[in-house]
Amino acid sequence: MLKCYHCKDTSTENCSDNALQRECPSGSDRCMALRVTTFTGKEISKIENSKSCAPASLCVEGSINLGTLRAASTTKCCSTNLCNDQLAPEPAEPRPNGKKCFGCDGTEFCNQTLDCVDDEDNCFTNIGFVKVTTKGCITKEFCQKTHLAELSYEHNKGMTCCQGDYCNRADSTGSSLLLLVATGFPRLLLPPRRFCFCWRLSV
């Protein structure tokens, strides 16, 4: 049975200092290190590292981009005992990929156009429970329902992704974005005029 390090950054300890050794449950055939980096504008506003057992399907990287806010996840996966002793790598400097989407962060910035970066290959719009509109660029793995089911991913039923430039142009009301991945991918919760890029790792 595979054994991996498990930990997550806290307010008082970093992931390297509080790592525990745990045997992986059935279906988790990789040791994973995950880093989620939150950007406000071009500046890094938060970094959180975590380690865990994971299925191979979780070893993907990507980002969610609202324009003024962006969260990028990087992973490092391996398949031998305690091989996730190192942290996941830092995200690369973002590079525009030519795709364009409308962006909205829930405030007055709802008419902006975004140049998507790296592997942000879809546009998204979300209709949710809080009356805030959110739109932007997103990596397709964070949209695919079959993949999200494997991730125990919960999101509002009104979230839609599309592939054409500016394909998320349609106006929507009563929108918000709630992205929750219990195994460690980013959670983005955007209530009115208050923003938090969060993530949770089961340890």
Exercise. Could you grab me the full set of residues in region 19-33 that are surrounded by 15 or more Cβ atoms within 10 Å (Cβ to Cβ) and either in a strand (DSSP E or B) or touching a Lys or Arg at 6+ places or on another chain (Cβ under 8 Å) (or both)?
Key: ALA19, ARG22, CYS24, ARG30, CYS31, MET32, ALA33
Self-check item: Identity of the residue in region 1-18, crowded, with 20+ Cβ neighbours inside 10 Å and part of a strand (DSSP E or B), that ends up nearest to the chain's Cα centre (by Cα)
Solution: LYS8
Quiz item: Given the conditions (1) touching a Gly at 6+ places or on another chain (Cβ under 9 Å); (2) farther than 19 Å from THR139 by Cα; (3) not hydrophobic (A, V, I, L, M, F, W, C), and given that SER45 satisfies all but one, which numbered condition is not satisfied?
Solution: (1)
Exercise. Residue by residue through region 53-74, note down the ones that are hydroxyl-bearing (Ser, Thr, Tyr) and either surrounded by fewer than 22 Cβ atoms within 10 Å (Cβ to Cβ) or without any contact (Cβ under 8 Å) to a residue 12 or more places away in the chain (or both).
Key: SER57, THR68, THR74
Practice problem: Please specify each residue of region 61-97 satisfying the condition of being assigned to a loop (DSSP other than H, G, I, E, B) and of a type in the set (Gly, Ala, Ser). | Solution: GLY67, SER79, ALA88, ALA92
Quiz item: Residue check: is LYS100 out of contact with any Lys or Arg (no Cβ under 6 Å at 6 or more places or on another chain), assigned to a strand (DSSP E or B), at pLDDT 95 or above and not small (Gly, Ala, Ser)?
Solution: yes
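The values are calculated or read from the model by the stated rules, or taken from the named source; none is laboratory data. Because the structure is a prediction, the values reported are computed rather than measured. FYI the Cβ positions are ideal-geometry reconstructions off the backbone, even for glycines, and counts take in every protein chain you see.
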